[in-house]
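These notes concern the structure reproduced below.
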Amino acid sequence: MTARARVRAPELIGKGGWLNTGGKQHTLADLRGSIVILDFWTFCCVNCLHVLDELRELEERHRDTVVIVGVHSPKFVHEAEHRAVVDAVERYAVHHPVLDDPELATWKQYAVRAWPTLVVIDPEGYVVAQHAGEGHAHALDKLVTRLEQEHTAKGTLRRGDGPYVPPEPVATDLRFPGKVLLLPASGHYLVADSSRHALVELAADGESVVRRIGTGERGLVDGDAATARFSEPQGLALLPDGSVVVADTVNHVLRRLDPQTGRVTTVAGTGTQWWQGSPTSGPAREVALSSPWDVAWFEDRVWIAMAGVHQLWTYDPATDRVEVAAGTTNEGLVDGPADEAWFAQPSGLSAAGGRLWIADAETSALRWAERAQDGAGHLIRTAVGTGLFDFGHRDGPAGQALLQHPLGVTALPDGSVAVSDTYNNALRRYDPVTGEVSTLATDLREPSDAAVVDGDIVVVESARHRLTRLRLPEEAVRVEAVAHRTRRAATDVGAGPFRLDVVFSAPPGQKLDDRYGPSTRLLVSATPPELLLEGGGKGSDLFRELVLDPAVPEGVLHVSAMAASCDVDDSDNPNPYPACHVHQQDWGVPVRITPDGDSRLALVLAGMDGAAG
């Protein structure tokens, strides 16, 4: 491989300005002398949230040499609103400067193609590495250590405090609550107080705090209400024995709460994140999970909305086992047999009759799972939603209706379904009998869940930090239709043969892990499917010859890549079990067929200075 020419990092620009800097607006010149890591993220993206968690330890370990800058680059219309970005920065405990870039100006300057993407800039202001996807913390740590050594020797490294200025804390009983559960025995509400890492029991008025469960400090600790610790808990499900299962999202586990005693125990997950190649079934405490976002009791077991891997899993308390129930880990909207279906961050569940309703957030869809007619397995169906890139606020027939990143779904007494339409700041209703979608309430702030109580519906207004009780009206309120499509700059490509290359070089000190077969995987599809005449499907090579249909002028190529690498041990007594790492990323690349378009598309999974030619 030939070394690349040094590239000066483009300036950081964003119409929304800077957050977490005490009001100061920064330039790259202000950061000269520090190792800068740009994190291109958007708050709807669960992979971006994973990267935020991966960066916490690196941020602490190198706090006097590294400045992480989050470049918020929105996908949804709601995410371009500055107030929503301010909320997200607090909600997800982002403890570094954030540039709000609603028009994707810096995204375009750095030729970013996917969320999340990390770019490393050395103390002299040159780009030295780019990584797409998650799982790069180990490689980044080694690169940072190397840059510290090199620039200390050159005298170009400046040590000291970075530009981060924490915002003033706000005193509220709840802070960005996620999900709510009615406790039938007491008539109280149990609320996942997500950003405060605790559960809160509220009295029947929905306001008075009865007790807090958890210390409020991030962690994974079992114990009583005063000692237990959570990490951004979300979903809550009541079991037949009266206990509650909690989706402890950032800990990647399920917890069990005894409402009588306040005792918390871990019942599923290892406390580490699931990666490709890990077991997908087995004893519950021996199988890793990935960002479980909601839980529901359905068909005598707990169903899990596994947002981190775009699947549904189940946990059976009777056998103490977990297993995959639906989804392939590919991100998108595909119906059919459960083991062939695609999801995109399923984040809300509600069981009613023979259906499990699903809020599929990234496809802005309402879907359901039900038993196949022959009783063998489940089928996945879609009521509202068309895919990853269409969203909005439109009522009417379900086939034409639009949602925007819903996080919650609640079965109603009449058989219809209420949808917490989060990024539309609305509560919506779908009637399976008529096939109509209507609006129940607007002017909410990021509703994320709801519970039915005595003919009313109690909504979690996450960004207002409260529960709001609404009357279920006889007639839904219609609103003016608004439709959106995600718009990113399309790549001009030529018709006919077309080469796709995913650029990956194992980070220094690592090599591809081919001990158990191919170390790489590539999956390619398209929207609309007719765009891709040849080259779709799975393969182990990180390149593919595609044929695009000139009769389809534009569309989206969906690319999913994975590479596994292990540390190289050149010592006299090498470790037979070296540390191994998985690098993975999904891209949705808008393409437009033009006569003079490119015949090659290169996507960077991981590239470093001198590592890619």
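The values are calculated or read from the model by the stated rules, or taken from the named source; none is laboratory data. From a predicted model like this one, the values you see are computed outputs, not experimental measurements. Every residue, glycine among them, receives a Cβ derived from its backbone with ideal geometry; neighbour counts consider all protein chains shown.
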Going by what's in this entry, would A489 be described as touching a residue at least 12 places away in the same chain (Cβ under 8 Å), of a type outside the set (K, R) and farther than 23 Å from Y110 by Cα?
no
What are the residue pairs meeting all of these: first residue in the range 220-236, first residue farther than 13 Å from H252 by Cα, second residue of a type in the set (K, R) and part of a loop (DSSP other than H, G, I, E, B), Cβ atoms under 7 Å, and 6 or more apart or on different chains?
D224/R263; L236/K179
If I ask for residues that are at pLDDT 85 or above and either acidic (D, E) or within 28 Å of S73 (Cα to Cα) (or both), which ones from the range 505-525 would you list?
R521, L522, L523, V524, S525
I'd like to verify a number: residues in the range 14-43 that are over 25 Å from the mean Cα position of the chain (by Cα), assigned to a loop (DSSP other than H, G, I, E, B) and surrounded by 13 or more Cβ atoms within 10 Å (Cβ to Cβ), how many?
4
Tell me which residues, restricted to the range 162-188, are under 16 Å from V458 (Cα atoms) and in contact with a Gly (Cβ under 6 Å, 6 or more places away or on another chain).
K179
Which numbered condition V458 misses (of (1) surrounded by 24 or more Cβ atoms within 10 Å (Cβ to Cβ); (2) closer than 26 Å to A247 by Cβ; (3) among the β-branched types (V, I, T)):
(1)
Between G223, G214, which is more than 22 Å from L356 (Cβ to Cβ) and buried (at least 19 other Cβ atoms within 10 Å of the Cβ)?
G214
Please specify each residue of the range 436-454 satisfying the condition of being over 20 Å from P233 (Cα atoms) and either free of Cβ contacts under 8 Å to residues at least 24 places away in the same chain or aliphatic (A, V, I, L, M) (or both).
V437, L440, A441, D443, L444, V452, V453, D454
In the range 130-174, what residues are in a strand (DSSP E or B) and either modelled with pLDDT under 95 or over 28 Å from Q25 (Cβ atoms) (or both)?
Q130, H131, A132, E134
Could you count how many residues in the range 257-294 are surrounded by 15 or more Cβ atoms within 10 Å (Cβ to Cβ), outside any loop (DSSP other than H, G, I, E, B) and in contact with a strand residue (DSSP E or B) (Cβ under 6 Å, 6 or more places away or on another chain)?
9
For the range 196-211, how many residues meet the condition of being touching an Asp or Glu at 6+ places or on another chain (Cβ under 7 Å), buried (at least 18 other Cβ atoms within 10 Å of the Cβ) and not in a loop (DSSP other than H, G, I, E, B)?
2
Name the residues in the range 226-256 that are at positive phi and surrounded by fewer than 19 Cβ atoms within 10 Å (Cβ to Cβ), would you?
G242
Could you tell me whether V433 is out of contact with any strand residue (DSSP E or B) (no Cβ under 9 Å at 6 or more places or on another chain) and either outside any loop (DSSP other than H, G, I, E, B) or without any contact (Cβ under 8 Å) to a residue 40 or more places away in the chain (or both)?
yes
Look through the range 349-386, keep the residues that are at pLDDT 95 or above, among the small types (G, A, S) and outside any strand (DSSP E or B), and return whichever of them is surrounded by the fewest Cβ atoms within 10 Å (Cβ to Cβ).
G385
Taking the condition closer than 18 Å to A192 by Cα, over 15 Å from the mean Cα position of the chain (by Cα) and not assigned by TED's automatic domain parsing to the domain that holds H50, does A338 pass?
no
